[in-house]
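Structure record follows, encoded as structure tokens.
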Amino acid sequence: MADYQPKPEHKFSFGLWTVNNPGRDPFGDAVRTPMSPVETVHLLAEVGAWGVNFHDNDLIPIDATHAQERQIMAGFQKALADTGIVVPMATTNLFFDPVFRDGAFTSNDPKVRAYARQKTIRSMDLGAELGAKVYVFWGGREGTETDSGKSALDAGKWFREALNFFCEYSIDQGYGYKFALEAKPNEPRGDLYLPTTGAMLGFIATLDHPEMVGVNPEVAHETMAGLNFMHAVAQAWDAGKLFHIDLNDQNIGRYDQDFRFGSHNIKQNFFLVKFLEDVGYDAPRHFDAHAYRSSDTEDIKAFARGCMRTYLILKEKAARFNADAEIQALLAEIKADDGAMDPFFGKYSAEKAKALKAHMFDRPAMGKRGQPYERLDQLVIDLLLGVR
């Protein structure tokens, strides 16, 4: 039996804001005393994580002086060196401070839009100094409660200009960043712009440097809207744009719950892990999740260990699925292909179209063919429940 212990090659990472979440919610104040960034790094090393990610103000308070920033950075870099924890990704907090009450890159106020750019490039400097190679953008305030006061076309233009600016800044500074856009349908705004991974992929194609920009899909964000998260991930992978991923768990139709990975949707998460492992995804596996509000420090460690353990369990289950003779026999039956239709597939030609138009299909016979999906799905359930 595997021990399901995380190893550096698994590339498991957590944000400073995840294990250090104080348990505050809209109806209750914090229940835990925040840890310092240094303490957080040591906790992550204790539970076996590989990486730590941060928003700029998770690490450096928004009003810190330059001297204070340098002091904090020195302590953080020492903690990284002492533990071997790396910084694979960085991002900017463009949603918490009151200045972003109407958005950051899409604010109607040009001073706010300019400040958001300044804050972001300074944060990019911090991330680069710590070795981050992926930079995530989550537009938590980029949206509206009413469309009467803001043009969606203007907002899209402003967001595009900002992304183009940051791409050029990364090139100019030699940072080599890959940018990853994170979609969410709503919360904290009533409606967020570019609400799904598919919408982000369409937007990326309009940028000056689309090759530098991909996506960072999050389990909870697609699931909130009742969508199939694995399908969004597959679309991003197929487009060559899966630069980063946020793993957690979520009940459909709820607020953004950020539960421990695999704590709710076992089958859905199994197929997600199977997809990532089957295609050879090799970027960070980041857990953007929070421990329950009822948790204390020891339970936070259990939460972090649980995220990684569940991923590794599902990874093992995926390997068993791929090696299971009965499952693979059913898949072979489902995908059976005698090659008779090969002349009609592939690249278009006039001859191929002519032949296809002339071919006689036995539509009634084709319509009578069923597929053993019930049997296959039950085998998956048996596998996941440990009786296979």
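The values are calculated or read from the model by the stated rules, or taken from the named source; none is laboratory data. Everything numeric here is computed off the predicted structure, so don't read it as measured data. Cβ placement follows ideal geometry from the backbone for every residue including glycine, while neighbour counts extend to all protein chains displayed.
Only one of Asp97, Asp109 is acidic (Asp, Glu) and either without any contact (Cβ under 8 Å) to a residue 24 or more places away in the chain or surrounded by 19 or more Cβ atoms within 10 Å (Cβ to Cβ) (or both). Can you tell me which?
Numbers: Asp97 fails: either without any contact (Cβ under 8 Å) to a residue 24 or more places away in the chain or surrounded by 19 or more Cβ atoms within 10 Å (Cβ to Cβ) (or both).
Testing whether each residue is acidic (Asp, Glu) and either without any contact (Cβ under 8 Å) to a residue 24 or more places away in the chain or surrounded by 19 or more Cβ atoms within 10 Å (Cβ to Cβ) (or both) leaves just Asp109.
Looking at (1) surrounded by 15 or more Cβ atoms within 10 Å (Cβ to Cβ); (2) touching a residue at least 40 places away in the same chain (Cβ under 8 Å), can you tell me which one Asp25 breaks?
So Asp25 meets the others, but not (1).
Quick one: in segment 278-310, which of the residues that are of a type in the set (Phe, Trp, Tyr) and touching a Ser or Thr at 6+ places or on another chain (Cβ under 8 Å) is surrounded by the fewest Cβ atoms within 10 Å (Cβ to Cβ)?
Of segment 278-310, the ones of a type in the set (Phe, Trp, Tyr) are 281, 287, 292, 303.
Add one more test, that the residue is touching a Ser or Thr at 6+ places or on another chain (Cβ under 8 Å), and what stays is 287, 303.
Values: Phe287: 29, Phe303: 24.
My answer is Phe303.
Of all residues in segment 192-220, which are of a type in the set (Phe, Trp, Tyr) and under 22 Å from Ile171 (Cβ atoms)?
Initially, segment 192-220 is screened for residues of a type in the set (Phe, Trp, Tyr), giving 193, 203.
Scanning segment 192-220 gives a single hit, Phe203.
Given (1) under 18 Å from the mean Cα position of the chain (by Cα); (2) on the phi < 0 side of the Ramachandran plot; (3) touching a residue at least 60 places away in the same chain (Cβ under 8 Å), identify the lone condition not met by Trp17.
Condition (3) is where Trp17 drops out.
Would you please name the residue that is nearest to the chain's Cα centre (by Cα), looking only at residues in segment 296-353 that are in a loop (DSSP other than H, G, I, E, B), closer than 27 Å to Phe275 by Cβ and free of Cβ contacts under 8 Å to residues at least 12 places away in the same chain?
Residues of segment 296-353 in a loop (DSSP other than H, G, I, E, B): 296, 324, 335-341, 345-349.
Those left that are additionally closer than 27 Å to Phe275 by Cβ: 324, 335-337, 341, 345-346.
Narrowing the set further to residues that are free of Cβ contacts under 8 Å to residues at least 12 places away in the same chain leaves 335-337, 341, 345-346.
On the way: Lys335: 31, Ala336: 35, Asp337: 36, Met341: 38, Phe345: 34, Gly346: 33 Å.
In this case the residue turns out to be Lys335.
Select from segment 1-16 the residues that are surrounded by fewer than 18 Cβ atoms within 10 Å (Cβ to Cβ) and out of contact with any Lys or Arg (no Cβ under 6 Å at 6 or more places or on another chain) and list them in ascending order.
If we filter segment 1-16 for residues that are surrounded by fewer than 18 Cβ atoms within 10 Å (Cβ to Cβ), which is where we start, we get 1-5, 7-10.
Selection gives Met1, Ala2, Asp3, Gln5, Lys7, Pro8, Glu9, His10.
As an exercise: evaluate Gln68 against (1) touching a residue at least 40 places away in the same chain (Cβ under 8 Å); (2) over 22 Å from Phe159 (Cβ atoms) and give the number of the one condition it does not meet.
Result: Gln68 passes all but (1).
For Tyr175, are the conditions met, namely being crowded, with 16+ Cβ neighbours inside 10 Å and under 24 Å from Ala234 (Cα atoms)? Outline the logic, then answer.
Working: crowded, with 16+ Cβ neighbours inside 10 Å: yes; under 24 Å from Ala234 (Cα atoms): no.
In short, no.
Being out of contact with any helix residue (DSSP H, G or I) (no Cβ under 7 Å at 6 or more places or on another chain), in the same structural domain as Gly15 (by TED's automatic domain parsing) and part of a loop (DSSP other than H, G, I, E, B) narrows it down to one of Glu168, Glu211, Glu187, so name that one.
Working: Glu168 fails: part of a loop (DSSP other than H, G, I, E, B); Glu211 fails: part of a loop (DSSP other than H, G, I, E, B).
The match here is Glu187.
What are the residues in segment 2-51 that are acidic (Asp, Glu) and modelled with pLDDT of 95 or more, if any?
If the condition is that a residue be acidic (Asp, Glu) and modelled with pLDDT of 95 or more, then Glu9, Asp29, Glu39, Glu46 are the ones that fit.
Take Gly240 and decide whether it is more than 16 Å from Val47 (Cβ to Cβ), assigned to a loop (DSSP other than H, G, I, E, B), modelled with pLDDT of 95 or more and assigned by TED's automatic domain parsing to the domain that holds Val47.
yes
Residues of segment 14-71 being in contact with a helix residue (DSSP H, G or I) (Cβ under 6 Å, 6 or more places away or on another chain), under 20 Å from Tyr292 (Cα atoms) and assigned to a loop (DSSP other than H, G, I, E, B), which ones?
Within segment 14-71, Asn20 is the sole residue that qualifies.
When only residues in segment 179-226 that are among the acidic types (Asp, Glu) and at negative phi count, which is surrounded by the most Cβ atoms within 10 Å (Cβ to Cβ)? Quick ask: steps written out before the conclusion?
In the first step, residues of segment 179-226 are kept if they are among the acidic types (Asp, Glu); the result is 182, 187, 191, 208, 211, 218, 222.
Next, only the ones that are at negative phi stay: 182, 191, 208, 211, 218, 222.
Working: Glu182: 22, Asp191: 14, Asp208: 13, Glu211: 11, Glu218: 28, Glu222: 24.
My answer is Glu218.
Among the residues in segment 128-137, are any closer than 26 Å to Gln77 by Cα, without any contact (Cβ under 8 Å) to a residue 12 or more places away in the chain, part of a helix (DSSP H, G or I) and out of contact with any Asp or Glu (no Cβ under 6 Å at 6 or more places or on another chain)?
Restricting attention to segment 128-137, the residues satisfying the condition of being closer than 26 Å to Gln77 by Cα are 128-137.
Next, from what is left, pick out any that are without any contact (Cβ under 8 Å) to a residue 12 or more places away in the chain: none.
Looking for residues that are closer than 26 Å to Gln77 by Cα, without any contact (Cβ under 8 Å) to a residue 12 or more places away in the chain, part of a helix (DSSP H, G or I) and out of contact with any Asp or Glu (no Cβ under 6 Å at 6 or more places or on another chain), one finds none in segment 128-137, hence no.
What residue, of Arg305, Arg363, Arg375, is within 30 Å of Glu39 (Cα to Cα) and not aliphatic (A, V, I, L, M)? Walk me through it before giving the result.
Working: Arg363 fails: within 30 Å of Glu39 (Cα to Cα); Arg375 fails: within 30 Å of Glu39 (Cα to Cα).
Exactly one of Arg305, Arg363, Arg375 is within 30 Å of Glu39 (Cα to Cα) and not aliphatic (A, V, I, L, M), namely Arg305.
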